[in-house]
Amino acid sequence: MKWPYLALIYVLLILAPLGFSWSLGWPPRSFNQELASGLGMLAFSIILVEFLLSGRFRFISSGLGMDVTMRVHQLMARTALGFALIHPLLYQGTPSGGRRPWDETNQLTISTDFSTLVSGIGAYLFLFILVASAIARKSLDYKYETWRLLHGLGALVIACLLLHHTVYAGRYGGHPLLTYLWLALTSIAVGTLLYVYLVRPLRQRKRQWRVTSVSRLTPKQWELRVVPDGHNGLNFEAGQFAWLNVGHSVFSLHENPFSISSAPAEGPEVSFMIKELGDFTCGLRQIAPQTTAYLDAPHGNLSISHRTEKGIVLIAGGVGIAPMLSIVRQVRLSGTQYELKLIYGNRVEEQIAFRQELSKEETVFVLSEPPEDWSGETGLIDGHLLDRNLSSEQFESWLFVLCGPPAMMDTVEDHLIERGTASHRILSERFDYD
Ligand SMILES: Cc1cc2nc3c(=O)[nH]c(=O)nc-3n(C[C@H](O)[C@H](O)[C@H](O)COP(=O)(O)OP(=O)(O)OC[C@H]3O[C@@H](n4cnc5c(N)ncnc54)[C@H](O)[C@@H]3O)c2cc1C
């Protein structure tokens, strides 16, 4: 789905409870009290929509791209936390106590009932811990899978606590119309977890894959190939990625995202280029052929389909070459008339993967620590290097596809904008969202 529609749906979803509350036409309270209610409702609806922005829904991530989806997820979680922190402070000075018979719309008092407040306080604390632990994830000594499980469970607990707090303590949440709306939104949020962790795996169980080979490409980079087992494989576009689960139960949290490095035109076998980093990637050599694998794919919007530019500049750092391989191979095999230029950076010569294959394209190999007899480009992929290798026509009218370390991506994106490349002609994928 295109991003303007997604943005519209997002705004409508998070504003719906506010709109319905306003439509009740209840007598207003002081500005601070109404603001407190409004911020509380906004925080809750933002949190519920966060479940959809987890990066696991194709209709979102293929429209926005994974990078933007995860950035929005992170930014909105922090916004919700900010609103939630202000929410109780604005009630200061408001008379409190139980519901009064002559005050049917709770205009004069706020609830101080212990059970309704405790769910709010609990959600407040959990939300703070959830956001703080996500921000500090890398410095916490957790396995990624453990963190992911705790993050999902934490979000679920917060949603349930907030539902209770909003319906029983909120001025508007107690009205049947709003109660049903909050129930519906919370059910959708919880349903997304059930879908990702139960329904989708059940479907994947019927579409198993088998490992055909695991081979070393460079000292720390591997190629893993999988073939469909009894089905016709994957319908994907060059540049997209898959969540890959190898050798674990289909319900396991042990699945990692990897760009597909083979081209759709190559046939049903799919390959990945993987760099050693942690638990899974450092254990690749132990994976035996015929091991069962599951693919949740395709995801991401790093795709050149339907692009009308005459040429494409692919800029990759290290293992960021993986999606570029898929694109280069697809262009070659499908005979599409794109002009291609690849800029591929590594630290040392031994890290260059598929050197012979890529030399067939117009490729600029870049090394930051070159050997003495190196005749290619040297240093980092930065503005000077781009200016040396690209023409103003390329900056102004070609498509740019970027994947690599964050520092390289930031430098290149800034430089392209400076050189007049329109942002809709820059596609990028980051392998890390922190
Ligand atoms: C869209 C995307 C495409 C990617 N494509 C490639 C590729 O083609 N080749 C390649 O070598 N690497 C790729 N990566 C990075 C790759 O996913 C991680 O290097 C890998 O998951 C590390 O797993 P591990 O168990 O070895 O290490 P761990 O020590 O478990 O994880 C190291 C880091 O990898 C990331 N990571 C681990 N598991 C997950 C997960 N399930 N979901 C999201 N992030 C995770 C986290 O930032 C974590 O801190 C890609 C990442 C993303 C987001």
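Toward the positive end of the charge dipole of segment 312-376, about the Cα centre and with charges on Cβ (Lys, Arg +1; Asp, Glu -1), which of 337, 359, 375 goes farthest? The listed residue farthest towards the positive side: 337. Name the shape class, rounded, prolate or oblate, that the alpha-carbon gyration tensor gives for segment 311-429, where a ≥ b ≥ c are the square roots of its eigenvalues, rounded holds for a/c under 1.5, and otherwise prolate holds if a/b is larger than b/c and oblate otherwise. Verdict is oblate for segment 311-429. Per residue, segment 129-175 exposes 53 Å² of accessible surface when a 1.4 Å probe is rolled over the protein heavy atoms with every protein chain present.
Within 10 Å, at most 13 other Cβ atoms, and a DSSP state outside H, G, I, E, B define an exposed site. Report the longest part of the chain free of exposed GluC sites (Glu not before Pro).
Working: sites that count: 104, 372.
With GluC sites (Glu not before Pro) excluded where exposed in loops, the chain gives 105-371 as its longest stretch.
The heavy atoms of residue 128 offer some 110 square angstrom of accessible surface to a 1.4 angstrom probe.
If the segment from residue 265 to residue 410 were pulled out straight at 0.36 nm per residue, it would be longer than the present Cα-Cα gap by 49.0 nm.
Answer rounded, prolate or oblate for segment 1-99, using the Cα gyration tensor with square roots of eigenvalues a ≥ b ≥ c: rounded when a/c is under 1.5, else prolate when a/b is larger than b/c, else oblate. Don't skip to the end; give the middle numbers.
Values: a/c = 3.52, a/b = 2.09, b/c = 1.69.
In terms of gyration-tensor shape, prolate.
Ranking 304, 9 from most to least accessible surface, computed with a 1.4 Å probe over the protein chains only, gives 9, 304.
The stretch between residue 380 and residue 332, if pulled fully straight at 0.36 nm per residue, gains 14.5 nm over its current Cα-Cα span.
Computed from the alpha carbon atoms alone, the convex hull of segment 379-434 holds 76 Å³ per residue. The trypsin sites (Lys or Arg not before Pro) of segment 116-160 that meet both conditions, a loop assignment by DSSP and at most 14 other Cβ atoms within 10 Å of the site Cβ, are 143. The accessible surface of the chain, taken with every protein chain in place and a 1.4 Å probe, is 61 percent carbon and sulfur. When Rg and Dmax are taken over the Cα atoms of segment 162-317, they come to 20.9, 64 Å.
Mean residue ellipticity, 222 nm, helices only, the chain: the sum of -39500 (n - 2.57) across DSSP H runs of n ≥ 4, divided by residue count and rounded to 500, is -14500 deg cm²/dmol. For segment 209-299, the Kirkwood hydrodynamic radius from C-alpha pairs, put into Stokes-Einstein at 10 °C and a viscosity of 1.306 mPa s, yields a diffusion coefficient of 121 µm² per second. For the chain, the fraction of C-alpha pairs more than 35 angstrom apart is 40%.
The values are calculated or read from the model by the stated rules, or taken from the named source; none is laboratory data. The structure presented is a predicted model; accordingly, all values stated were derived computationally and were not measured. Methodologically, a virtual Cβ is constructed for each residue, glycine included, from the backbone with ideal geometry; neighbour enumeration extends over all protein chains shown. These area figures cover heavy atoms from the full protein model, side chains too; ligands, DNA and RNA do not enter into them. Shrake-Rupley method; radii C 1.70, N 1.55, O 1.52, S 1.80 Å.
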